[in-house]
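The values are calculated or read from the model by the stated rules, or taken from the named source; none is laboratory data. All figures in this text were calculated on a predicted structure; none of them were measured in a lab. Don't worry about glycine lacking a Cβ; one is built from the backbone with ideal geometry, like all the others, and counts go over all protein chains shown. Only protein heavy atoms, including side chains, enter the accessible area calculation; ligands, DNA and RNA are left aside. Shrake-Rupley method; radii C 1.70, N 1.55, O 1.52, S 1.80 Å.
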Amino acid sequence: MKTLIAAYSQNRSGSHASIQAALHTLLTAPWPSQRDVRACLQLLSVLQWVLSFLFMGIISLLLLIYLVFTSFWPISALYLVWLIFDWDTPERGGRRFAWLRKWAVWRHFRDYFPIQLVKTHDLHPSQNYIIGSHPHGILCVGAFCNFITGSTGFFEKYPGIRPFLATLGGNFRMPFFREYLMSGGLCPVTRQAIGYLLSRNGTGNAVAIVIGGAAESLSCRPGVTTLILKNRKGFVRMALQHGAHLVPSFSFGENELFRQVVFKEGSWMRNLQERCRKLLGFAPCLFYGRGLTSTHSRGFLPFPRPITTVVGEPMTVPKIEDPSHETVDLYHGMYIRSLLKLFNEHKAKYGLSETDELRIL
């Protein structure tokens, strides 16, 4: 009996010693520094953004369909009724919320890369503008951060200007995802939606359009600056019809965020990508970025590379309800020259060399 009691006492003292040792290790372990906490918040902010734009639409659609076959079917029914009455809202200026642009998460998103906005000229609230955003990249990170969030100081640099970002119209057919997009100031890249903002929403509107679109994303890779612009003239025609001034902008570093497998022109994979782009409106790209654990691992998050978006000088455009092809070509050529000037003046400041050229296809 004494032997059992002694063994029990020894076991208890050993357990106390183990607990004390564990507590001592925990208390003496270095706590995460402020830098580590900031890095973690930045990574999480980018993660939620990528997941939202890649998966929120399809997940919300599948969830709505699933609820139809459960006892929660009234939720789906009520939302579908709401969707019918609200169907045209994206084409009529959307439904934006200023507080969403001020979320702290966007500051962490900005600092992850980091991203900055460079102003070269004033934009006057008495005018409306079409901002050409170049290049497309994979996910248009620079355009989103600068024209949708308030983290880079757009509202302070351009007081009285309301920025919008045009994106694929199909995104606004996804339940719940459409509400998320409209709340930030995104609109469909359609003539009706852009025309509404430029003619029926007062003045001081600036609609940013990523002109190269999905076709340009297929050529996105580090070290190459190629724009699909030579035959993209619809934005110039709209500017003329509504008297909106044209503003070129270029995001230096956008093409450095991901690595992409680029297939040669004429290959069966490239033809498949082109067919998907024409059918679905977006091009399926084979790309990768960094993983969650480190920048050396592979995953779907963008690499932390600096992005500098330079907004150029507004180009005055007259209002012509039915511009001729010659007039459209004239102002399209002026826009290209203005964009080339902007690129050449700033390329050496923001990561490129003096010998780098801008290819326009």
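A few notes on this one:
- Those residues of region 221-260 whose amide nitrogen sits under 11 Å from the label point placed on I320, 7 Å along Cα→Cβ: 237, 240-241
- Cα-based shape type of region 120-222, given that a ≥ b ≥ c are square roots of the gyration tensor eigenvalues and the cut on a/c is 1.5: oblate
- Eligible aspartates and glutamates near K102 by straight Cα distance, threshold 19 Å, same-chain separation 8 or greater: D111, E156, E179
- Ranked from largest, the principal axis spans of the Cα set of region 87-146 equal 35, 30, 24 Å.
- Solvent-accessible area per residue, Å², over region 34-360 with all protein chains present [probe radius 1.4 Å]: 49
- Per-pair calculated FRET efficiency, R0 = 22 Å: E345 and K157 via Cβ, rounded to 0.05: 0.75
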